[in-house]
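First comes the structure, then the notes that go with it.
The numbers here are math on the coordinates, done by the rules we state, and not lab data. None of these values were measured; they are calculated from a predicted model. Neighbour counts are summed over all protein chains in view; Cβ atoms, including those assigned to glycine, are modelled from backbone coordinates with ideal geometry.
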Amino acid sequence: MNLPTPYSCLKYRISKNLIIEWGDFWGGSQSESGHRIRSFVAGVDKKFLITNKFLIYFLTNHGPFPCYLHRFKKLGSPLCACGLVGDADHYVFRCPLTAEFHLKEPSDEHRKSWFKNLRYNGQAQSKLIQAYKISNGICDRLTQG
């Protein structure tokens with residue numbers, strides 16, 4: 001007797017293989033943003049979906065930051081208006097121009113739990129958003145001047 005494989009079994013096997021392949025690809029990425037993301041996120045997960053663009057800016061370090069825009073020759077310098085390198089961490093943790101919106105910088109061993117908290121903490125996300133809006137304004141002024 002030969003029975004066809006149930007749809008649920010096929011779906012499970014495909015999903016399992018997809019996660020394994022995705023994990024292998026993700027873990028093998030040698031990019032700078034890949035290293036950064038892995039320092040905050042433990043691994044791949046189908047349920048891990050970020051739709052907040054500011055959290056994506058933070059994780060990838062790709063956004064309205066002089067350091068990022070300088071890579072593409074949109075700005076002449078990677079420096080913030082305060083004189084320090086303007087990357088995602090700078091505006092959230094250190095920039096004097098965003099001081100009222102700073103978050104406490106996590107130690108290396110607590111980065112994953114810190115980011116997990118950030119994902120669900122509306123007050124912390126509001127600070128992140130405000131810091132990046134200031135960053136965007138700084139980039140606008142730097143590109144015009």
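Estimate the FRET efficiency between residue 47 and residue 133 by the formula 1/(1 + (r/R0)^6), using the beta-carbon distance for r and 35 Å for R0, to the nearest 0.05.
After rounding, the FRET efficiency stands at 0.75.
Cross-link partners among lysines for residue 11, C-alpha distance below 28 Å, same-chain residues fewer than 8 apart left out?
Of all the lysines, those that pass the test against residue 11 - Cα under 28 Å, at least 8 places apart if same chain - are 46, 47.
Please report, in debye to the nearest 20, how large the charge dipole of the chain is about its Cα centre when each Lys and Arg carries +1 at its beta carbon and each Asp and Glu carries -1 there.
Result for the chain is approximately 380 debye, rounded to the nearest 20.
Only Cα pairs under 8 Å and at least 6 apart count here; give the relative contact order of region 32-144 as a rounded whole percent. Let's see the in-between values first.
Values: 124 pairs, mean separation 30.5, N = 113.
The normalised contact order for region 32-144 reaches 27 percent.
Subtract the Cα-Cα distance of residue 107 and residue 2 from 0.36 nm times their separation in residues, and report this length gain in nm to one decimal.
32.1 nm
At 0.36 nm per residue, and after removing the present C-alpha to C-alpha distance, how many nm does the segment from residue 14 to residue 123 gain when stretched out fully?
Values: separation 109, 0.36 × 109 = 39.24 nm, distance 3.87 nm.
Separation in residues times 0.36 nm, less the Cα-Cα distance, equals 35.4 nm.
Can you classify region 74-141 as rounded, prolate or oblate using the Cα gyration tensor, where a ≥ b ≥ c are the square roots of its eigenvalues, rounded means a/c under 1.5, and otherwise it's prolate if a/b beats b/c and oblate if not?
prolate
For the residues 80, 67, 9, what sequence is obtained by ranking on other C-beta atoms within 10 Å, fewest first?
Going from sparsest to densest Cβ surroundings: 9, 67, 80.
Work out from phi, with θ = phi - 60° and the Karplus expression 6.51 cos²θ - 1.76 cosθ + 1.60, the ³J(HN,Hα) of each residue of region 92-101, listed in order in whole Hz, and give x for Gly and Pro.
So the J values, rounded to whole Hz, are 8, 10, 10, 5, x, 6, 10, 3, 5, 10.
Can you list the chymotrypsin sites (Phe, Trp or Tyr not before Pro) in region 1-65 that are in a DSSP coil and have 14 or fewer other beta carbons within 10 angstrom?
48
Kindly express, to the nearest 10 degrees and within the range 0 to 90, the angle between helix 111-120's C-alpha long axis and the longest C-alpha principal axis of the chain.
Between the helix axis and the principal axis of the chain, the angle is about 90 degrees.
When Kirkwood radius over Cα pairs in Å is calculated directly from the model, which label among [x] 17.7; [y] 17.3; [z] 15.5 fits?
For Kirkwood radius over Cα pairs in Å, the calculated option is [y].
Excluding same-chain residues fewer than 8 positions from residue 116, which aspartates and glutamates have a Cα within less than 17 Å of its Cα?
45, 89, 105, 108
Mind checking the angle between helix 7-28 and the chain's longest principal axis? C-alpha axes, 0 to 90 degrees, to the nearest 10.
With both axes taken from Cα atoms, the answer is about 40 degrees.
What's the longest piece of the chain with no exposed trypsin sites (Lys or Arg not before Pro), counting a site as exposed if DSSP puts it in a loop and it has at most 14 other beta carbons within 10 Å?
On the way: sites that count: 46, 47, 73, 74, 104.
In short, 1-45.
Only Lys, Arg, Asp and Glu count, each charged at its Cβ (+1, +1, -1, -1), so figure out the dipole size of region 1-60 about its Cα centre, rounded to 20 debye.
On the way: 8 positive and 4 negative charges, 43 e Å.
It works out to roughly 200 debye.
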